C-alpha cells in the first residue's frame, strides 16, 4: 500500500511544478517581495489566488475522507486533471514578460520542493494506512497554499541570496577600482532609460561609453553590468539608477561612486512607495548630493522641483532648459511626425547651433540637452555633438515608430507617467490620418492615481478618434472622464487583455492610421 501511495503522488508533484512556476513568475515580477510587493499582490488578487478550481477539488476530496482506496483514486484523478488544465492554460497564455529561469529561480525551486518533500517524507516514514485520507488532505492543503509556500521559500533563501550578491558586489567593486574611468549616474522619475541611451550615442562619438543594458538600474543590475559587460577598453560607465523609496539612489552611488550626474524630470512615479512628493524630490537628489566637489551635475531649469531644491554639496551645476534661461538652452523648436529640429544656445556664446534628431516629443529634447551639456564638459566639439544627436536612435518601446502590417504604431509601451503620456498624445496629435490610443492607464501613482488617469482621459478625448482601454477596473477613471467630455461611447472599447487589441485595431483601420500604445502593464496586473 505504501508503494501505491508514493506512486499516487506523481500527478501531484507534476501539478506542483506548474503551479509553482506561476507563483514564482508573480514573485519575480514583484521584485522577489521587495517592500512586500508579492504579499500585496496576493491580497489584491485574493479571488484569483484562493477561489480556484483547486479549491473545488480540495472540497471534493474531503467528501471521500472515510474511504481509503477511493480517496487514492480520486486524488490521482483530480491532480491529473488539474495538471492538464493548468498546462493547457499556461501554453495558451502569451506572457508579456515570461518567467526568467535565472540561477536564483532554480535555487528557489529546489527550496520549494524541499518544503513540500519534508512532510511527504515524514508521512512515508510514519506511514499508517488508516491515516491515508488525512495524508491526502494535508498534501492537498499545502498545494492549495502554494503562493504562500513560494513566499516562505523565498524568505528561507534570502540569507543565501544576500551572501551570493555580496560576493558579486565585492568582485564588482574591485573591478571598478582597477579601471580608471568616468562614472555617470542618471536618475529621475521619468526618462532615465531614454536619457541614458541618448547620452551613450552622443558620447560614443568621441569616447567608448558603456550604458547599463536594458533596465539594469538596481544594485544587482549595476553589479551585473560591471562584472559581465565592463572591460578595459571602456572610458565611461553610464549607470541608470532606479528607486522605489528614499535611500536606494544613495546605495547605488555608494556602489559605483559617480563623478557626474544627470537628473531627469521629477514627478509622481512610485509615489505610493516613496510616500510623498517631497520624499521623491529628496530621493532623486541623493545622486547629485553624492557627487564629489569637483563633480558635475546636470539639472533641468524648467523643473520647479529641481530649481527650488536647496543643494547640500558644492559640485558644479550645469542647467539645461527650454522655457527658462539656462547654461544650455534649446530654442526655435520644430516638432513633426518625422522628427525634431532645434537650435542650442550655450551661455556666453551668441551663436545658435542647429541640431536635428529623429526622436519625437519635447521631453526627448531635454534628454538630448543633458547629453549635449555633459558632452561639452567632456571636451566634445559642437560638430561632434551635432553628429551624435543626429545619430541618436529611438529607444525601444519609448515613442518608437513601428509598422504593424498597414498600421503605424507609436510604441510608448515601456511605462507611463503624467508627463510622458501627455507628450505621447502630443506626438499622436502631430500625425495625419486616424488616431487610436491603446492603454491600461497609469499605475503606482498612490492616492493620486484615479485623478491622474481621469486627467489622462480628458487629454485623450481631445486627440483620439478611437480609444481602446485595457482592464475595465483599472481604466474606470479614464472611461468616466471620456463620458464626462461627451466622447462618443461607440468609439470606446474596453478589453481585459492587450492581446485582444491587435485584431480590433485591424477592424478600426482606415487609409492612414496611427496607433499609440501607451503603457503595457506587467502580467501581475492582468484582469482575469
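The values are calculated or read from the model by the stated rules, or taken from the named source; none is laboratory data. In this text, all values refer to a predicted model and were calculated from it rather than measured experimentally. Cβ: placed from backbone, ideal geometry, glycine included. Neighbour counts: every protein chain shown.
Might you check whether a residue that is assigned to a helix (DSSP H, G or I), on the phi > 0 side of the Ramachandran plot, within 18 Å of the chain's Cα centre (by Cα) and assigned by TED's automatic domain parsing to the domain that holds residue 126 occurs anywhere in region 12-26? No, there is no match, as no residue in region 12-26 is assigned to a helix (DSSP H, G or I), on the phi > 0 side of the Ramachandran plot, within 18 Å of the chain's Cα centre (by Cα) and assigned by TED's automatic domain parsing to the domain that holds residue 126.
The number of residues in region 35-49 being under 11 Å from residue 154 (Cα atoms) and surrounded by fewer than 16 Cβ atoms within 10 Å (Cβ to Cβ) comes to 0. Taking the listed residues 124, 184, 139, the one that is touching a helix residue (DSSP H, G or I) at 6+ places or on another chain (Cβ under 8 Å), farther than 24 Å from residue 103 by Cα, in contact (Cβ under 8 Å) with a residue 24 or more places away in the chain and in the same structural domain as residue 251 (by TED's automatic domain parsing) is 184, with no other qualifying. Considering 207, 190, the condition of being assigned to a loop (DSSP other than H, G, I, E, B), in contact with a strand residue (DSSP E or B) (Cβ under 7 Å, 6 or more places away or on another chain) and over 25 Å from residue 104 (Cβ atoms) is satisfied by 207 alone. Total residues in region 404-413 satisfying the condition of being over 10 Å from residue 518 (Cβ atoms), at pLDDT below 85 and either under 21 Å from the mean Cα position of the chain (by Cα) or assigned to a strand (DSSP E or B) (or both): the figure is 1.
So for region 273-296 (the condition being in a strand (DSSP E or B) and touching a residue at least 40 places away in the same chain (Cβ under 8 Å)), does at least one residue qualify? Can you show your working first?
Taking region 273-296 as the starting set, the residues that turn out to be in a strand (DSSP E or B) are 296.
Those left that are additionally touching a residue at least 40 places away in the same chain (Cβ under 8 Å): 296.
Yes: region 273-296 contains one or more residues that are in a strand (DSSP E or B) and touching a residue at least 40 places away in the same chain (Cβ under 8 Å).
The numbered conditions (1) surrounded by fewer than 21 Cβ atoms within 10 Å (Cβ to Cβ); (2) in a loop (DSSP other than H, G, I, E, B); (3) touching a helix residue (DSSP H, G or I) at 6+ places or on another chain (Cβ under 9 Å) are all true for residue 305 except (2). Of the residues examined, residue 252 is one that is assigned to a helix (DSSP H, G or I), crowded, with 22+ Cβ neighbours inside 10 Å and out of contact with any strand residue (DSSP E or B) (no Cβ under 6 Å at 6 or more places or on another chain). Inclusion of residue 258 among residues that are within 11 Å of residue 185 (Cα to Cα), in contact (Cβ under 8 Å) with a residue 12 or more places away in the chain and part of a loop (DSSP other than H, G, I, E, B) is warranted.
Could you look through region 497-528, keep only residues that are over 21 Å from residue 397 (Cα atoms) and modelled with pLDDT of 85 or more, and pick out the one that is surrounded by the most Cβ atoms within 10 Å (Cβ to Cβ)?
Taking region 497-528 and keeping what is over 21 Å from residue 397 (Cα atoms), we get 507-512, 527-528.
Still in the running and modelled with pLDDT of 85 or more: 507-508, 512.
Details: 507: 7, 508: 17, 512: 12.
Once the filter is applied, the top-ranked residue is 508.
Within region 162-178, the set of residues being out of contact with any helix residue (DSSP H, G or I) (no Cβ under 9 Å at 6 or more places or on another chain) and either surrounded by 13 or more Cβ atoms within 10 Å (Cβ to Cβ) or farther than 17 Å from residue 103 by Cβ (or both) comprises 170, 174, 177, 178.
Results for (1) in contact (Cβ under 8 Å) with a residue 60 or more places away in the chain; (2) in contact with a strand residue (DSSP E or B) (Cβ under 6 Å, 6 or more places away or on another chain), shown as yes or no for each residue.
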position: 349; (1), (2): no, no
position: 362; (1), (2): yes, no
position: 365; (1), (2): no, yes
position: 370; (1), (2): yes, yes
position: 373; (1), (2): yes, yes
position: 382; (1), (2): no, yes
position: 391; (1), (2): yes, no
position: 400; (1), (2): no, yes
position: 417; (1), (2): yes, no
